[in-house]
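No value in this document is a laboratory result; all are computed from the given coordinates. If you're wondering where the values come from, they're calculated on a predicted model, not measured in any experiment. Note that we place each Cβ from the backbone using ideal geometry, even for glycine, and neighbour counts take in every protein chain shown.
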Amino acid sequence: MTMKIAFTAAKQAPAQKAMKSLKGRYKHVTASRADVIVALGGDGFMLRTLHQHMKHGVPIYGMNRGSVGFLMNEYSTSGLLKRIDKAQSIAVNPLIMKITDCSGRKHKALAINEVSLLRQTRLAAKLRIKVDGVVRMPEMICDGALVATPSGSTAYNLSAHGPIIPLGAGLLALTPISPFRPRQWRGALLPHDATVTFDVIDAQERRVSAVADNTEIRNVKKVSISEDRSTSLTMLFDPEHNFEERILKEQFVF
């Protein structure tokens with residue numbers, strides 16, 4: 001049986017050129033008919049592709065035509081079918097963000113990398129942090145905070161000096177963003193089934209936005225974050241450059 005591939009690409013010229021070349025070599029089908037989706041671009045495009053096809057359950061094999069490409073395989077036009085056939089699959093569960101805003105409206109969004117809270121104005125945010133309903137930090141004055149998955153631990157979380165988490169560790173990273181008080185707190189590692197709740201103190205005066213990957217909700221009052229175990233996404237990686245190896249290597253970059 002022939003593998004059915006759907007190609008999708010970022011709008012940038014290198015990605016579009018790559019898609020044209022691959023469609024000339026391999027048969028292309030629509031995503032609804034595909035056995036695998038090949039995404040051409042950078043990490044941002046990979047995240048958008050995962051979100052777009054989240055309900056389809058089709059594995060996604062990325063090839064880097066962007067900048068960093070941490071979630072992507074190396075680009076090549078040759079041997080694609082063999083590469084996909086030998087690829088190792090990584091299943092990830094996204095985070096679900098549940099929000100109550102300052103007007104009392106409810107919102108939901110999914111995040112593959114992280115959910116982040118960020119101050120909207122010149123005033124620092126004041127956050128109360130609960131884990132599984134227990135207040136662990138009565139007040140943190142900061143620019144914000146985030147909760148990251150293992151697959152997202154090398155993204156914004158790492159830039160905020162959070163820990164890199166190997167896949168399969170069963171952990172989430174809770175990381176402050178530019179904390180003022182308590183200044184020395186560097187965050188926490190939590191069980192993957194924990195529920196993290198942020199209460200925004202003085203939410204009307206110290207306005208805060210919440211972002212789940214590329215979905216932003218402004219003027220939030222309460223944000224609850226947990227793993228969505230009803231949703232599973234599959235990414236494919238070449239065996240010689242698998243995702244766990246990338247995470248290990250990233251911890252030894254100077």
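Descriptive notes on the structure:
- The charge dipole of the range 1-84, taken about the Cα centre with unit charges on the Cβ atoms of Lys, Arg (+1) and Asp, Glu (-1), comes to about 320 debye, rounded to the nearest 20.
- Amide proton proximity set for I5, modelled H, under 5 Å, gap of 5+: V29, D35
- Considering only H192, S89, V36, the residue lying farthest towards the positive end of the dipole of the chain is V36, judged by Cα position with unit charges set on Cβ.
- Spacing of the two label points (7 Å from each Cα toward its C-beta) at S159 and R25, in nm: 3.3 nm
- About the centre of its Cα atoms, the range 95-227 shows a dipole size close to 460 debye [charges on the beta carbon of Lys, Arg (+1) and Asp, Glu (-1) only; nearest 20 debye].
- Note on D143 and K82: their simple-model spin labels are 4.7 nm apart, each label 7 Å out from Cα toward Cβ.
- Angle in degrees between helix 13-25 and the longest Cα principal axis of the chain, rounded to the nearest 10: 40 degrees
- Net charge in the neighbourhood of P239 (other residues with Cβ under 12 Å of its Cβ; Lys, Arg +1, Asp, Glu -1) is -2.
- Each Lys or Arg adds one and each Asp or Glu takes one away; over the other residues whose Cβ falls under 14 Å from the Cβ of G44, this sums to 0.
- Relative contact order of the range 121-254, pairs being alpha-carbon contacts under 8 Å that are 6 or more residues apart, as %: 23 percent
- Charge tally around A111: other residues with Cβ under 10 Å, Lys/Arg +1 each, Asp/Glu -1 each, net -3.
- Selected from G104, G79, G24 as most flexible by GNM, with the chain as the system and alpha-carbon contacts under 10 Å: G79
- Taking V196, V135, V92 in turn, the Gaussian network model of the chain (Cα-Cα springs below 10 Å) assigns the largest fluctuation to V135.
- At R0 = 45 Å, FRET efficiency that the Cβ-Cβ distance of T234 and V135 yields, to 0.05: 0.75
- Placing +1 on the Cβ of every Lys and Arg and -1 on the Cβ of every Asp and Glu, with no other charges, gives the chain a dipole of roughly 800 debye about its Cα centre.
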